[in-house]
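Chemist: The following block contains the structure, expressed as structure tokens.
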Amino acid sequence: MQRGKHQRIEECQQCGTCCEKGGPAFHQEDKPLIEKGSILSKYLFTIRAGEPVYENIAGGLTRASSDIIKIKGKGDTWRCWFLNEKNKNCEIYDNRPLECRVLKCWDTKDIETIYLRDLLTRKDLISKIAGLWDLVEDHQQRCDYGLLETLSSTFKDSHDKATEEKVLEMIRYDAHLRILIVKKGNMAQGMLEFLFGRPMLKTIVMFGLFVQQDGDHYRLRIKS
Ligand code: SF4
């Protein structure tokens, strides 16, 4: 993707377009970058297994088959956090992840060989942190996207109250856990999307639903 200030790669036009479309997914080879602190976890987010995800190479929407850990976007955009908006340089060029090193916008052959292979997962990074990993695993089970998909389809077909409550219970748990771990566990807010993925209050829209909130009272609605 983007080159550093002093290096020249003739074919790359430094337009920043690749980096504007979103940061890379992390592979096993990238593990030391996070372990050594070259890239901090607070700049990452996790697409959890079963979560709908846009497939950049093949195109179209698919379901993540495992964790996909990626660099966060800036604000509400997909623009990579480390893309310098003024000069279009990569701010972590010497420590850029594998996908950034491999991607050539004029020839996708190399990226296609590694894409979605040997992906790094949260388990690879934090399973040895007792307590924290238990929380992450518990959240993963209680907020399972496969189950959410089944419940969402049922609700859309039937408007069944019991199903609505099951979905809302999942979303409430996800939301409360995030508040609790910051307030009582002193976890930095920026770590939440790496540890627990994107808030389900937001991702529920990918299942054709949204949550109407009235204080603590949640209602599930179907997107028109
Ligand atoms: S890490 Fe650097 S090269 Fe990779 S997408 Fe972000 S700005 Fe671009």
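Only the coordinates and a few stated rules stand behind these numbers; no lab work does. Just so it is clear, the structure is predicted and the values come from calculations on it, not from any experiment. We place every Cβ from the backbone using ideal geometry, glycine too, and count neighbours over all the protein chains shown.
Chemist: Using a Förster distance of 45 angstrom, determine the FRET efficiency expected from the C-beta separation of Glu169 and Glu85, and round it to 0.05.
Modeler: It comes to 0.65.
Chemist: On to the next question. Amide H to amide H under 5 Å from Met187: which residues, 5+ apart in sequence or cross-chain, H placed 1.01 Å off N in plane?
Modeler: So Met187 has HN proximity to Val182.
Chemist: Let's test the formula: R0 of 35 Å, r as the Cβ-Cβ distance of Ser66 and Cys15. What FRET efficiency results, to the nearest 0.05?
Modeler: Using R0 = 35 Å, I get an efficiency of 0.65.
Chemist: Could you work out [θ]222 nm for the chain from helices alone, using -39500 (n - 2.57) per DSSP H run of at least four and dividing by all its residues? Round to the nearest 500 deg cm²/dmol.
Modeler: So the calculated ellipticity at 222 nm is -10000 deg cm²/dmol.
Chemist: Moving on. Determine the dipole magnitude for the chain: charges of +1 sit on the beta-carbon of Lys and Arg, -1 on that of Asp and Glu, nothing else is charged, the reference point is the Cα centre, and the result goes in debye to the nearest 20.
Modeler: 640
Chemist: For helix 145-158, what angle does its Cα long axis make with the longest principal axis of the chain, in degrees from 0 to 90 and rounded to 10?
Modeler: 50
Chemist: Moving to a separate point now. Over 26 Å between Cα atoms: which of Lys72/Lys183; Lys123/Lys202; Lys42/Lys166; Lys128/Lys183; Lys36/Lys128; Lys123/Lys161 fall into that group?
Modeler: In this structure, Lys42/Lys166; Lys123/Lys161 exceed 26 Å between Cα atoms.
Chemist: Here is a follow-up. How many nm separate the modelled label positions at Ile129 and Asp144, each set 7 Å beyond the Cα in the direction of the Cβ?
Modeler: 2.5
Chemist: Give the peptides 33-40, 189-196 in descending order of average Cβ contacts within 10 Å, highest first.
Modeler: By packing density, highest mean first, the sequence is 189-196, 33-40.
Chemist: Treat each spin label as a single point 7 Å out from the Cα along the C-beta direction, and report the Asp94 to Asp110 distance in nm.
Modeler: Rounded to a tenth, the inter-label distance reads 2.1 nm.
Chemist: Could you give me the ³J(HN,Hα) list for region 80-85, computed from phi with Karplus coefficients 6.51, -1.76, 1.60 and θ = phi - 60°, whole Hz, x at Gly and Pro?
Modeler: 3, 3, 9, 7, 6, 5
Chemist: Next question. Only Lys, Arg, Asp and Glu count, each charged at its Cβ (+1, +1, -1, -1), so figure out the dipole size of region 17-123 about its Cα centre, rounded to 20 debye.
Modeler: Approximately 260 debye in magnitude.
Chemist: OK, next. In vacuum, with every alpha carbon of the chain counted as one equal point scatterer, what does the Debye formula give for log10 I(q)/I(0) at q = 0.08, 0.12, 0.14, 0.17 Å⁻¹? Two decimals, please.
Modeler: Per q value, in the given order, log10 I(q)/I(0) is -0.33, -0.72, -0.94, -1.25.
Chemist: Can you list which of the chymotrypsin sites (Phe, Trp or Tyr not before Pro) found in region 79-148 are DSSP loop residues with at most 10 other C-beta atoms within 10 Å?
Modeler: Loop-located and lightly packed - Trp106.
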